[in-house]
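Visitor: I am attaching a structure below and will ask some questions about it afterwards.
What follows draws every value from the coordinates through simple rules; no lab data is involved. Remember, it's a predicted structure, so these values are computed and weren't measured experimentally. Note: ideal-geometry Cβ built from the backbone for every residue, glycine included; neighbour counts use all protein chains shown.
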Amino acid sequence: MVIGVPKEIKALENRVAGARTSTFALTNATLPYALKLANLGYKEALRQDHALMKGLNVHLGKMVCKPVAEAKGLECSLIEL
């Protein structure tokens, strides 16, 4: 025990700091995609951004991601935007 600070409190402080840092990292990584979707609409955002298109698994109720479809034993459809 550090004088006046139980070790449990110190461990909790470290977990909170780590969660805060990872929240910032996640926000920084995903915010550009969210803004693009909000500003352009999903169809135009998908047309313009290949990375965003690669993240699409299901569109209008149809599986459009081949690896996911194969893993689930489902038919894969072409994306129609």
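Visitor: Just want the ordering: 50, 59, from fewest to most Cβ atoms lying within 10 Å of their own Cβ.
Guide: 50, 59
Visitor: Once the piece of chain linking residue 79 and residue 23 is laid out straight, how much longer is it, given 0.36 nm per residue of separation minus the C-alpha distance between them?
Guide: Gain on extension, residue 79 to residue 23, equals 17.0 nm.
Visitor: Cα convex hull of the range 42-81: how many Å³ per residue?
Guide: So the per-residue hull volume is 59 Å³.
Visitor: Measuring from label point to label point, each 7 Å out along Cα→Cβ, what is the residue 40 to residue 60 span in nm?
Guide: About 1.9 nm, to one decimal.
Visitor: Sticking with this structure for a sec: Using amide H atoms built in the peptide plane, which far-off residues or other-chain residues are under 5 Å from residue 58 H to H?
Guide: 64
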